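Working notes for the structure below.
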Amino acid sequence: MTDSPGTQVPNVYAGILGAGSEEFHRRDQELAHALLTAVPSASLVAHHTRAFVLSAAEACVRQHGMTQILDLGAGRPTARNVHDVAHAADPAVNICYVDHSRAAVAALAEQGPTDSDGTVSYLVADISDPDTVLRSPAVRETIDLTRPAAVLLGAVIPYITNADVPDMLKRYTDALAPGSILVLSHGTYDFDRPKVRRMQEVYESFGIPSHMRGENELRALMDHAGVTVLPPGIVATNQWRPEGTVEADASEACMYGLWGRTG
């Protein structure tokens, strides 16, 4: 199975954030180099995106009592990963990492936790096919869908072009128990269109199309999926905090971050 466009972008972010070269495909290295050459501040975008996902994952456990996390389009591991922050809050949290890239999943498994009480599983699958993901033994044996779970979608939705995204997202949320939490980050033109467009052009030159969305589009996407956006709302990833927003230059992030409750 080859890597899909939806997993290559998190892989590139991981490389920018310090994934070892031996774990990083040459094509991803080339893409990362081209991206940083065209838009040097892309490193800040990657940093803020990753920090948001980890902060939200930790808050799902600490503030909302989530004991199971489904990380969709997880990408390659970085210095700190979802299991690190989740198990620091509660060592018994169950986590299932899903990615279309066999190499990414293998790297996640190699760097997975060794001393936690929770179960951590790994699945190679295309997240644009919710039925296959949700029916897989890796998910079924790790995530109890009759109980609330946190679902993470970090910077992957813009790069899914082989599926009806609103329908795909709704199929996931329909399968979740009421009270589950959806965490999502998404690229946007709202803060710095020229910079985002330059980044898109680099990805497109490597055969990776994308679709950016504005705040109103993301709110409509959440409404369609039956997700109630929680405070601090739909804000730039570098402004997002679980307890409220902070002042920061949104053009450094070029991404929205949000979390919301199902049911």
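The values are calculated or read from the model by the stated rules, or taken from the named source; none is laboratory data. Worth saying up front: this structure is predicted, and the values here are computed from it rather than measured. No Cβ is skipped: glycine too gets one built from the backbone with ideal geometry, and neighbour counts run over all protein chains shown.
Look at the range 47-68 and say how many of its residues are touching a Leu at 6+ places or on another chain (Cβ under 7 Å) and surrounded by fewer than 24 Cβ atoms within 10 Å (Cβ to Cβ).
Of the residues in that region, 1 qualify.
For residues that are farther than 21 Å from residue 52 by Cα and among the β-branched types (Val, Ile, Thr), scanning just the range 174-221, find the one that is surrounded by the fewest Cβ atoms within 10 Å (Cβ to Cβ).
Filtering first and then ranking leaves 208.
Among the candidates 50, 76, 80, 147, which residue alone is out of contact with any Gly (no Cβ under 7 Å at 6 or more places or on another chain), basic (Lys, Arg) and more than 30 Å from residue 244 (Cβ to Cβ)?
Answer to the selection: 76.
For the range 196-214, check the following and say yes or no: at least one residue is modelled with pLDDT of 95 or more and under 24 Å from residue 63 (Cα atoms).
no
Tell me which residues, restricted to the range 69-113, are modelled with pLDDT under 95, among the aliphatic types (A, V, I, L, M), buried (at least 24 other Cβ atoms within 10 Å of the Cβ) and assigned to a loop (DSSP other than H, G, I, E, B).
Correct list: 74 only.
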